[in-house]
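Take a look at the structure below.
The values are calculated or read from the model by the stated rules, or taken from the named source; none is laboratory data. Owing to the predicted nature of the structure, the values given are computational and were not obtained by experimental measurement. Cβ placement follows ideal geometry from the backbone for every residue including glycine, while neighbour counts extend to all protein chains displayed. Keep in mind that these areas ignore ligands, DNA and RNA; they rest on the heavy atoms of the full protein, side chains included. Shrake-Rupley method; radii C 1.70, N 1.55, O 1.52, S 1.80 Å.
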Amino acid sequence: MSTSDPNKLISKADKLTKLSLTRWSADWKSATVLYEQAANGFRVARNYEKAKVAFEKASQGQEMLSSPWDAAKHMESAAALAKELRNWTEVIDFYRKASELYMQCDRPQPASDALAKGARALEDALPDDAIQLYTDACVILEDDGREQMAFDLYRAATSVYVKLEKYTDAAAFLLRLGLAADKCNARNSQCKAYLSAIIVYLYAHDFKQAEKCYNDCSQIDAFLGSDQNRCASKLLSAYTEGDVEEIKRVAQSSAISNLDNVIIKLARKLPTGDVSAFKTDAANEEEQLDENDLT
C-alpha cells in the first residue's frame, strides 16, 4: 500500500491519538495532519463517507490543538459531504458545530454563514429545520448589530414559509426584516418589507390582518410617505370596494414589480377569494357610523 493511501493514513493517525503502555500522550499535531491528508484523498476518490469521517476527526484534532477556526473549516467540509450523502441530521449537526467553533473565534459572520449554508441545504428535504437555521443565523447577526447582513436570510426564510403555506409566519418574518431595515436606516428595504407583509396577508385572504398591518406600519414616517404605502392603500381600497379588476391592476404596478419574486407571484394571484364580502362589510360599517351620528 502506498503511504498516500488514505486508509493507511487514517489508521496511522488513529494510533497516534490512542494511549497505550508505550504511548502516554496523544500526538494530535501529527495525527491531525494525517487526518487532513486522508480526508482530501478520500474526497478526491469520491469516497464521501470516509472523507466525511476523516474531516470530523481532523476537526477534532484542530480543536485539541486549540485552533477553532481550522476546526470549523473542517466541520464545514464534513457538513458539505453529509449533504452529498443526503444525511440531513448530520448536515444540521455539523453546520451547527461549525457555527459554534466560529463563535469561539469571535467571528459572528462566518458563524451565521455556516448556519445559512445548512439552511439552504435543507430547504427541500427538511424545510422546518431550514427555517430554524435561518432564524438562528439571523439572531447571530442581530446580536452583533449587523442586521443589514441578514437581509437575504430574512427573505430566504420568508420564501420557505410561503412554500409551506405558513403565511402568518411569512408575514411576521417580513415585519422582522422591516424592523432590522429600520435600525440600519435602509428605508427602501423597510418599505418593501411592509408592503410584502400586507400582500402575504391578502394572499392568505386575511383582510383584517392586512388592514391592521397597514395601519401599524403607517405609524412609521418612512413608510407613510412611500410609494409602497400608496400601493398598499390602493390595494386595500380595491378590496373594500370589491373591485377585482382594480386589485389585478395594482398588482401589476411598479411598486410590486420591484419586490422579491416570491411576493410578486403572490400579488399576481390576488384576489384569492371572494372580495364582495369585504364590500358588504365596509357598507355595513358605514351604515353603522351613520346611525351613530347624532349631529
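Listed values, structure above:
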| read-out | value |
| --- | --- |
| Sole residue being in a helix (DSSP H, G or I), among the hydrophobic types (A, V, I, L, M, F, W, C) and open to solvent by 50 Å² or more (accessible area, probe 1.4 Å), chosen from Leu175, Leu236, Leu195 | Leu175 |
| Conditions (1) open to solvent by less than 80 Å² (accessible area, probe 1.4 Å); (2) farther than 23 Å from Leu101 by Cβ; (3) at pLDDT below 95; number of the one not met by Asn47 | (3) |
| Given (1) of a type in the set (Gly, Ala, Ser); (2) open to solvent by less than 20 Å² (accessible area, probe 1.4 Å); (3) not in a helix (DSSP H, G or I), index of the condition Gly242 fails | (2) |
| Unique residue being modelled with pLDDT of 95 or more, within 12 Å of Asp136 (Cα to Cα) and assigned to a helix (DSSP H, G or I) when the list is Ala119, Ala80 | Ala119 |
| When residues of segment 147-164 are limited to those that are more than 24 Å from Ser257 (Cβ to Cβ) and without any contact (Cβ under 8 Å) to a residue 40 or more places away in the chain, the one surrounded by the most Cβ atoms within 10 Å (Cβ to Cβ) | Ala150 |
| Cβ pairs under 6 Å, 6+ apart, first in segment 27-48 and outside the structural domain of Leu85 (by the TED database) and over 21 Å from Asn87 (Cα atoms), second of a type in the set (A, V, I, L, M) and open to solvent by 50 Å² or more (accessible area, probe 1.4 Å) | Trp28/Met64; Trp28/Leu65 |
| Which numbered condition Leu122 fails, given (1) crowded, with 19+ Cβ neighbours inside 10 Å; (2) closer than 24 Å to Ala186 by Cα | (2) |
| Selection count, segment 117-139, where residues are of a type in the set (Lys, Arg) and in contact with a helix residue (DSSP H, G or I) (Cβ under 7 Å, 6 or more places away or on another chain) | 1 |
| Leading residue by the ranking (surrounded by the most Cβ atoms within 10 Å (Cβ to Cβ)) among those in segment 16-41 that are out of contact with any helix residue (DSSP H, G or I) (no Cβ under 7 Å at 6 or more places or on another chain) and at pLDDT 95 or above | Asn40 |
| Criterion: of a type in the set (A, V, I, L, M) and either assigned by the TED database to the domain that holds Asp260 or not in a helix (DSSP H, G or I) (or both) - qualifying residue of Ala150, Ala125 | Ala125 |
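Table: residues versus (1) surrounded by fewer than 18 Cβ atoms within 10 Å (Cβ to Cβ); (2) among the charged types (D, E, K, R).
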| residue | (1), (2) |
| --- | --- |
| Arg43 | no, yes |
| Ala54 | no, no |
| Ala58 | no, no |
| Glu63 | no, yes |
| Ala72 | no, no |
| Met75 | no, no |
| Ala79 | no, no |
| Thr89 | yes, no |
| Cys105 | yes, no |
